[in-house]
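The values are calculated or read from the model by the stated rules, or taken from the named source; none is laboratory data. As the structure is a prediction and not an experimental result, all values here were calculated from the model. In this analysis, Cβ positions are derived from the backbone assuming ideal geometry, glycine residues included, and neighbour counts consider all displayed protein chains. What goes into the accessible areas is simple: the full protein's heavy atoms, side chains included, and nothing from ligands, DNA or RNA. Shrake-Rupley method; radii C 1.70, N 1.55, O 1.52, S 1.80 Å.
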Amino acid sequence: MHPIAEKVLARDTRATARACRLVDDRAGDHAAILKDLFPHTGRAWVLGVTGNPGAGKSTLTDRLIGVFRKQDRRVAVVAVDPTSPFTGGAILGDRIRMQAHFSDPDVFIRSLATRGALGGLSRSAVDIARVLDAWGADVVLVETVGVGQDELEITRMAHTTLVVVAPGMGDEVQAIKAGILECADVFAVNKADRDGADAAVRDLELMIALGGEVASASGRARGHSAAALHTRASAAPGGSPAEGPWEPAIARTVATRNEGVAALVDRLEAHRAWLFGTEAGAARREERLREAMHVQLRDALTDAALAALGPALDAAVHAVARREVDPYTASERLVEAFRSAGALAPGGGAAPGGGP
């Protein structure tokens, strides 16, 4: 086993930070570390926190850490900040609101820059969450950048997706638009002491009701993918999770005063119980894993193709620019060249000894 992986499993904080850095930079033998750690993952509950800029995600994340620590759970946080498209820099300021937990050895906070990745996450967020899972985190909180209406990558990573909204998000037309609001397992109407909180809750309830009617009329469950993005159910009598689709819950919070956070955690825990305690939840987890594998394969194939094609890709770009060939034909030729190099078998699968 890789020595850094051994130290991560031994809960060495410095080694864990080193592993996160290597994975984020894709430097050294980071892949070997991830491979050694993977058999020791799968225990952590990955909780995604997303929403519009200014909704209070970082403050609410800080309060969630406090609740989980009172339950004697080890907590890891992956806080993603946007990278400037002009300078390439990132402030990484989300963790400033979590300073109360810096001295806690059972809390690990890692800031990441998006480095140009879209969807509210960085490319390495999934792998770093696995490192922190192996470190021994019971809960991994993943806070995305402030996102708009269609940045839904967190739904492919997290077990439970918390969408934080604030009063003034818009009217009922805005609430029923496709996008980020459809990805929520639980909604937190934060800053609920402000005017408009009741209207925000009402609009979310309208969206949930309309979504259920559309799903019933189409005969398909809503879900976090084209097949089944979002399944929903309520708790059965006695507190056990009920089979069937999951209905997103709504909680009111005032994170700055720590109000409503305990009730929010109860709703998050109810979703976790459904996810891991019902057949519908198991189907949701399998769909999530399938989508994650698609992303992993796509990235691996892209890296392999860029490395293998090299000058051929540059030549294709120049040919398309001179209108000597259309981009579709050029792409087909590049794929064929990639296959001919032995990276892919003719049938489209990985050739023995080649490819990722």
Probe 1.4 Å, all protein chains present, accessible-area order of Glu247, Glu287, Glu143, Glu153, largest first: Glu247, Glu153, Glu287, Glu143
Rounded accessible area of Ile4 (nearest 10 Å², 1.4 Å probe): 30
Segment Arg21-Asp299, extension gain: residue separation times 0.36 nm, minus the distance between their alpha carbons: 98.1 nm
Among 185-196, 302-313, the order from most to least packed when residues are scored by Cβ within 10 Å on average: 185-196, 302-313
Amide proton proximity set for Ile250, modelled H, under 5 Å, gap of 5+: Phe187
Rounded accessible area of Arg26 (nearest 10 Å², 1.4 Å probe): 90
Residues with amide H under 5 Å from that of Leu141, placed H, sequence gap 5 or more: Leu47, Ala76, Val77, Val78
Sequence of Arg63, Arg110 from largest to smallest accessible area, 1.4 Å probe: Arg63, Arg110
Using θ = phi - 60° and Karplus 6.51 cos²θ - 1.76 cosθ + 1.60, couplings along the stretch 43-57 (whole Hz; Gly, Pro as x): 8, 7, 8, 8, 10, x, 10, 9, x, 6, x, x, 6, x, 5
